[in-house]
1. Name the pairs whose Cβ atoms lie under 7 Å apart, with the first residue in segment 213-231 and aromatic (Phe, Trp, Tyr), the second open to solvent by less than 10 Å² (accessible area, probe 1.4 Å) and not in a helix (DSSP H, G or I), and 6 or more positions between them or separate chains?
2. Which residue is most open to solvent (accessible area, probe 1.4 Å), if the candidates are limited to segment 254-278 and must be over 15 Å from Val290 (Cα atoms) and touching a strand residue (DSSP E or B) at 6+ places or on another chain (Cβ under 8 Å)?
3. Restricting attention to segment 285-293, does a residue exist that is more than 13 Å from the ligand (Cβ to nearest atom), surrounded by fewer than 22 Cβ atoms within 10 Å (Cβ to Cβ) and farther than 25 Å from Ala143 by Cα?
4. Any idea how many residues of segment 255-282 are within 6 Å of the ligand (Cβ to nearest atom) and in contact (Cβ under 8 Å) with a residue 24 or more places away in the chain?
5. Need the failing condition index for Ala133 against (1) within 11 Å of the ligand (Cβ to nearest atom); (2) assigned to a loop (DSSP other than H, G, I, E, B); (3) among the small types (Gly, Ala, Ser), just the number.
6. Of everything in segment 84-118, what is more than 16 Å from Leu21 (Cα to Cα) and within 18 Å of the chain's Cα centre (by Cα)? Give them in sequence order.
7. Scan segment 120-137 for residues that are farther than 13 Å from Tyr81 by Cα, open to solvent by less than 50 Å² (accessible area, probe 1.4 Å) and at pLDDT 95 or above and report the count.
8. Give the residue that is nearest to Ala143 (Cα to Cα), with candidates limited to residues of segment 225-283 that are acidic (Asp, Glu) and in contact with a helix residue (DSSP H, G or I) (Cβ under 9 Å, 6 or more places away or on another chain).
Amino acid sequence: MKVLLVAEYREKQLLETTYELATFADKLGAEKIWFAVGYKDNLPKVAGKLYFADAEKHGEFNPDVHKKLILQVVEKENPDYIVFVHSSYGWDLAPRIAAALKIGQVSEVIEVVDGQFVVPSCNAKLRRFVKPATDKGVITIQAGAFPPAEPNGEPEVEEISLDAESAIEFVGYEEAEAKTVDLTKAEIIVSAGRGVGKPDNIPVIEELAKAFGGELGASRPVVDAGWVDHSRQVGTTGQTVAPKLYVACGISGAIQHLAGMKKSEFVVAINTDKDAPIGEVADVLVVADVMQFVPALAEKIKTI
Ligand code: FAD
């Protein structure tokens, strides 16, 4: 099996998520061919063949021109899958390629199991195991779902180029709306996980955060359920934080959550399960019901 992996740049910087594509390909046991519209002084550090087009000429973000370049490579290499990160770049380009080649697309893949692609469904409560209906396919992978491979390869570069008119003009990047809270600067974060039980219990966790003079954080299910605003989510699809104290309340310690808080100086976890994975990164694991322990702790802190 052969896969064409599409690297991504933003304002001249190669995005780290590019290396997650390599891990995805390894899970498939596939031969890796790379494609990048990028910058010569900042090539992906990957092993294998890299088809490279200069972003100075072809534009850093031009799905029309990049599509034509990718199709050139597909013609030469005939890959089984063409793989993108599920970013604004990937979700713009991927369907254009699938439509041009008349092949199926599977989007937001989070895992590979026995050659099948796993995608979340029903707000990630279910997982679907799918394959494209065609022999070949286009895939997008969720950022953060596959750990990035070590960037230590030396690509065999073949430069490609295209003189094409484009109806698309790239105007520029626009910053997303400012987050209501910047957890990256917080020194103390008290985060609520699904173990908190129900939205009515969130103020109890918030009270502990206030008692510490810190900020409320949350795991993804709590945010997905609408109990806490997304700007407070910690993890690969939320914020990456490094507070002096991180208190995880009813959080199991899934890899995507740990990726966002593992740089915390001191971690206290409160969990009814003494074997919860959060225990592996916690300096202190309190085995208790969060709704009994947290109010008592908040009261104690207020008296100090
Ligand atoms: P659960 O895993 O359900 O854990 C709940 C915990 O609470 C358990 O350990 C349980 O023992 C404990 N508990 C239950 N009742 C009590 C009680 N009364 N008192 C104390 N403890 C109790 N997750 C994130 O958090 N952030 C992300 O950015 C993120 N990004 C993701 C990106 C991708 C691509 C994918 C696939 C997943 C992502 N996830 C993310 C989801 C992640 O995989 C986990 O599903 C999620 O972190 C689990 O949240 P949780 O720990 O709150 O819930």
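1. Close Cβ pairs satisfying both conditions: none exist.
2. Keep residues of segment 254-278 that are over 15 Å from Val290 (Cα atoms), which gives 254-267, 275, 277.
Now restrict to residues that are touching a strand residue (DSSP E or B) at 6+ places or on another chain (Cβ under 8 Å): 257, 260-261, 264-267.
Values: His257: 13, Gly260: 1, Met261: 0, Ser264: 14, Glu265: 132, Phe266: 91, Val267: 5 Å².
Result: Glu265.
3. Let us first name the residues in segment 285-293 that are more than 13 Å from the ligand (Cβ to nearest atom), namely none.
There is no residue in segment 285-293 that is more than 13 Å from the ligand (Cβ to nearest atom), surrounded by fewer than 22 Cβ atoms within 10 Å (Cβ to Cβ) and farther than 25 Å from Ala143 by Cα.
4. Of all residues in segment 255-282, those within 6 Å of the ligand (Cβ to nearest atom) come to 256-257, 260, 270-273, 276.
Restricting the remaining residues to those that are in contact (Cβ under 8 Å) with a residue 24 or more places away in the chain gives 256-257, 260, 270-272, 276.
Residues that pass the stated criteria total 7.
5. (1)
6. Passing the criteria: only Asp92.
7. Just the residues of segment 120-137 that are farther than 13 Å from Tyr81 by Cα, to begin with: 120-130.
Of the ones still in play, those that are also open to solvent by less than 50 Å² (accessible area, probe 1.4 Å) are 120-121, 130.
Retained after the next criterion (residues that are at pLDDT 95 or above): 130.
Within segment 120-137, residues that are farther than 13 Å from Tyr81 by Cα, open to solvent by less than 50 Å² (accessible area, probe 1.4 Å) and at pLDDT 95 or above number 1.
8. We begin by selecting, within segment 225-283, every residue acidic (Asp, Glu); these are 229, 265, 273, 275, 280, 283.
The next check asks that each one be in contact with a helix residue (DSSP H, G or I) (Cβ under 9 Å, 6 or more places away or on another chain); those that pass are 229, 273, 280.
Working: Asp229: 20, Asp273: 29, Glu280: 24 Å.
Checked segment 225-283; the qualifying residue nearest to Ala143 (Cα to Cα) is Asp229.
The values are calculated or read from the model by the stated rules, or taken from the named source; none is laboratory data. Keep in mind it's a predicted model, so treat the numbers as computed, not measured. Positions of Cβ are backbone-derived with ideal geometry, glycine not excepted, and every protein chain shown enters the neighbour counts. Please note that ligands, DNA and RNA were not included when accessible areas were found on the heavy atoms of the full protein model with its side chains. Shrake-Rupley method; radii C 1.70, N 1.55, O 1.52, S 1.80 Å.
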